[in-house]
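Remarks on the structure that follows.
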Amino acid sequence: MTLSRVDIVAVDEGAAFWDDRSALLTGLRENPPRVPAHFGYDALGSDLFELITELPDYYLTRVEYGLLKHHAGEIADLIGGGLIAELGSGSAKKTRLLLAACADRRSTSYLPIDVSREMLEASGRDLTAELPGLRVQGLWGRYEAGLAWLRNSNPEPVTISFLGSNLGNMPLDERDRLLSEIVSTLRPGDGFLVSVDLLKPAPVLEAAYNDPVGRSAFTRFRLNHLDHLNRRFGGTFDPRSFSARAHFDSDTGTVDARVYATEEHSVALHDLDLVLNLRRGDSLNVGLSHKFQREQFVADVIARGLELRAQWADEEWQYGIFLFTRSQDRSEAGDEL
């Protein structure tokens, strides 16, 4: 019997991340309340995000795709080894350019890490159909669980890929912790391939993170966070009582995506024993996207014990892909970003 080349491993205690109340309670008690990002990526949320990537002003996916299409061969030569693990893989439609270049050069295995099992299964089927030499093993869970699996279960040299500018999609303290975990997972010679969106004028960013006239992908994606909480935690959110909008905070360099109450009302999350009393105009944060200054970003990562191997940037849109390598003992790396 021939085994499928697509295997899904639950790395997060049987997908218990959906029921992790501690992170959600912590976020909802902030001011303004915040819904942790992974609650946006159930099966419906993942599909809605794919629609976002097709919006005309959402340049990030288009620009990153162009960079990878132009430089995939060069990146494949530089990363060397045949194992690529990707945090937040989604549909992997951009990553498949790199995977194709790697598979042309050597036997290649792909370990996508994502909270959507449906997306892992669909992308794995597509990739193995398109790239017969590729082996895919999906890791179903949050980033930290996938990295722990790599540290404990993977003996091979690896390149950890974190594309889609997803590094910016979390608060600073979470970003610090995740980078520390990534660095602690890498062994000498391993690589870290990461993309980040760079600072640019507020009008460009706000156009990119809001629906154009006649489209609703961003609104539906953000309101789906509320529906997801209703399903998971006995919530009484009525998405019809909220509007959605993102704005750029120039003081923090972050696009802040929120849903706003359109009327005064209370929302209960019965399974959390929590009630939110909302006035008209009160908001919940359902997404962050930090924009980086290039030189400072590189310096911060180098300070953690990695070396910059190469970088590729779209100068028009100020978006970059960076390849770092681990060249020293993990204990010597810095702990702070």
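Within region 109-117, can one find any residue that is of a type in the set (Gly, Ala, Ser) and farther than 30 Å from Thr219 by Cα? Spell out the reasoning first.
First pass over region 109-117, keeping only residues of a type in the set (Gly, Ala, Ser): 109, 116.
Subsequent filtering for residues that are farther than 30 Å from Thr219 by Cα retains 109.
Yes, region 109-117 contains a residue that is of a type in the set (Gly, Ala, Ser) and farther than 30 Å from Thr219 by Cα.
In summary, Trp317 fulfils each of the numbered conditions (1) crowded, with 19+ Cβ neighbours inside 10 Å; (2) assigned to a loop (DSSP other than H, G, I, E, B); (3) over 23 Å from the mean Cα position of the chain (by Cα) with the single exception of condition (3). In region 66-79 there is at least one residue matching the filter, namely being of a type in the set (Gly, Ala, Ser), touching a residue at least 60 places away in the same chain (Cβ under 8 Å) and within 15 Å of Arg96 (Cβ to Cβ).
The residues of region 52-80 that are under 27 Å from Ala217 (Cβ atoms), touching a Leu at 6+ places or on another chain (Cβ under 7 Å) and aliphatic (A, V, I, L, M) amount to a single one, Leu68.
Listed here are the residues, each with its yes/no results for (1) under 18 Å from the mean Cα position of the chain (by Cα); (2) assigned by TED's automatic domain parsing to the domain that holds Leu147.
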residue	(1), (2)
Arg187	no, yes
Leu193	yes, yes
Tyr209	yes, no
Arg222	yes, no
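A Cβ distance below 8 Å, combined with a sequence gap of six or more or placement on separate chains, defines the contacts here; from region 312-323, residues that are within 14 Å of Ala208 (Cβ to Cβ) reach residues that are part of a loop (DSSP other than H, G, I, E, B) and polar (S, T, N, Q) in the pairs Tyr319/Ser165.
For region 269-314, the candidate set comprises residues that are touching a helix residue (DSSP H, G or I) at 6+ places or on another chain (Cβ under 9 Å), over 22 Å from Leu193 (Cβ atoms) and loosely packed, with under 15 Cβ neighbours inside 10 Å; within that set, the residue that is modelled with the highest pLDDT is His270. Quick check: is even one residue across region 141-149 modelled with pLDDT under 95, more than 25 Å from Gly27 (Cα to Cα) and not in a helix (DSSP H, G or I)? No, region 141-149 has no match at all. Taking region 234-255 as the range and being surrounded by fewer than 21 Cβ atoms within 10 Å (Cβ to Cβ) and within 19 Å of Leu24 (Cα to Cα) as the test, the residues that pass are Gly234, Gly235, Thr236, Asp238, Pro239.
Meeting the requirement of 1 or more residues that are acidic (Asp, Glu), the strands (runs of 3 or more DSSP E) wholly within region 175-290 are 191-197, 242-249, 254-261.
The values are calculated or read from the model by the stated rules, or taken from the named source; none is laboratory data. No experiment lies behind these values; they were computed from the predicted model shown. So basically every Cβ, Gly included, is an ideal-geometry build from the backbone, and we count neighbours across all protein chains shown.
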